[in-house]
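*Asks:* Got a structure for you, written out below as structure tokens; questions coming shortly.
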Amino acid sequence: MRIGFALASSLAIKQDMLYSLIQDVSSEYGHTVILLDRQGDNLDYIDVAISCGTALYREEVDFILTGCSSGLGMQLACNYVPGIICGYGTSEIEATLFARINQGNAFSYPFALNWGWASEVVYRSVLHALFKGLTQVPYPQAEAERKQQATDKLKRLKKTSQLDFEDFIKAYNTKDDK
């Protein structure tokens, strides 16, 4: 799997450390990490979400790892971009459940909120749970068929409630920021 990694410019100081950590964990699962590095552009989390959507749409990547200070703004912004189903979590169980139940293509994490001593160790464990969960059947296994049907409905809801990506980009780029 090709995993894109992107952060807003406000977290540029952590980018190299996080990128290295993601590469390390990803390699254990045979994934390749692609840095969607646009730090010099002074991008906020909304710009990054659109960049992530572009990378997914162009099939440059298969999955996105991202985040912002709280992780929540990035999750919200990503979910407004066509083609992205972004989860959020700070624990192994949240990462596992997102991967096994919601089967999205992006995951947001808080890289400032409650970030302190040994936070990179926690993030590493979340990544392991996420990557392992992406290879497993829906949870709980006894409900796998029902869970898969619900996931398919979620993806259909997302697709039918939004513009396609090309129309979205055209419309977004023609709007004045007010």
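*Asks:* Which Cys residues of the chain have no other Cys beta carbon under 4.7 Å away?
*Replies:* So far as the 4.7 Å Cβ criterion goes, C52, C68 stand without a partner in the chain.
*Asks:* Divide by every residue of the chain the summed helix terms, -39500 (n - 2.57) for each DSSP H run of at least 4, and state the resulting mean residue ellipticity at 222 nm, rounded to the nearest 500 deg cm²/dmol.
*Replies:* On the way: 7 runs with 86 residues, N = 178.
After summing the helix terms and dividing by the residues of the chain, the value is -15000 deg cm²/dmol.
*Asks:* Gain in length, K155 to R58, computed as 0.36 nm per residue apart minus the alpha-carbon separation, to one decimal in nm? Don't skip to the answer; put the middle values down first.
*Replies:* On the way: separation 97, 0.36 × 97 = 34.92 nm, distance 1.85 nm.
Fully extending the segment from K155 to R58 adds 33.1 nm.
*Asks:* Here's another thing I want to ask about it. Could you work out how far apart the two model spin labels at Y80 and S119 are, taking each label as a point 7 Å from the Cα in the direction of the beta carbon, and quote it in nm?
*Replies:* 2.4 nm
*Asks:* May I pose another question? For region 2-174, what is the relative contact order in percent, using Cα pairs closer than 8 Å and at least 6 residues apart in sequence?
*Replies:* Taking the mean separation of contacting Cα pairs over the length of region 2-174, I get 22 percent.
*Asks:* Test of understanding: express the Cα radius of gyration of region 5-127 as a ratio to 2.2 N^0.38 Å, with N the residue count.
*Replies:* Normalised by 2.2 N^0.38 Å, the Cα Rg of region 5-127 equals 0.95.
*Asks:* Expressed as a whole number of Å, what is the distance separating the alpha-carbon centroids of region 1-65 and region 84-150?
*Replies:* For region 84-150 versus region 1-65, the Cα centre distance is 17 Å.
*Asks:* Using the Kyte-Doolittle scale, find the helices of the chain whose mean hydropathy is at least 1.0 and whose Cα atoms extend 15 Å or more along the helix's long axis, counting only whole DSSP H runs. Spell out each step's value before the answer.
*Replies:* Values: long enough: 12-27 (23 Å, 0.18); 45-57 (18 Å, 1.16); 119-133 (21 Å, 0.43); 144-160 (24 Å, -1.92).
Those that pass (Cα extent of 15 Å or more, hydropathy at least 1.0) are 45-57.
*Asks:* Hey, for a label at S91 modelled as a point 7 Å past Cα toward Cβ, could you say which residues of region 126-166 have their backbone N under 14 Å away?
*Replies:* 126
*Asks:* Kindly provide the pair-distance distribution of region 63-110 built from C-alpha pairs, with 10 Å bins from 0 and whole-percent values in order of increasing distance.
*Replies:* Here the calculated profile for region 63-110 is 32, 59, 9.
*Asks:* Return the Cα extents of region 93-178 along principal axes one, two and three, sorted largest first, each rounded to a whole Å.
*Replies:* Taking max minus min along each principal axis of the Cα atoms, region 93-178 gives 42, 40, 16 Å.
*Asks:* Just rank D164, D47, fewest to most, by other beta-carbon atoms within 10 angstrom. Write out the running numbers ahead of the final one.
*Replies:* Details: D164 11, D47 16.
Fewest-to-most Cβ neighbours within 10 Å comes out as D164, D47.
*Asks:* Taking the simple approach of a point 7 Å from Cα along Cα-to-Cβ for both T174 and R146, what is their distance in nm?
*Replies:* Computed distance between label sites T174 and R146 equals 4.6 nm.
Every number in this text was worked out from the coordinates using simple rules, so none of it is lab data. Bear in mind that the values here come from a model prediction, so they are computed numbers and not experimental data. All Cβ positions, even for glycine, are placed from backbone atoms using ideal geometry, and neighbour counts span all protein chains on display.
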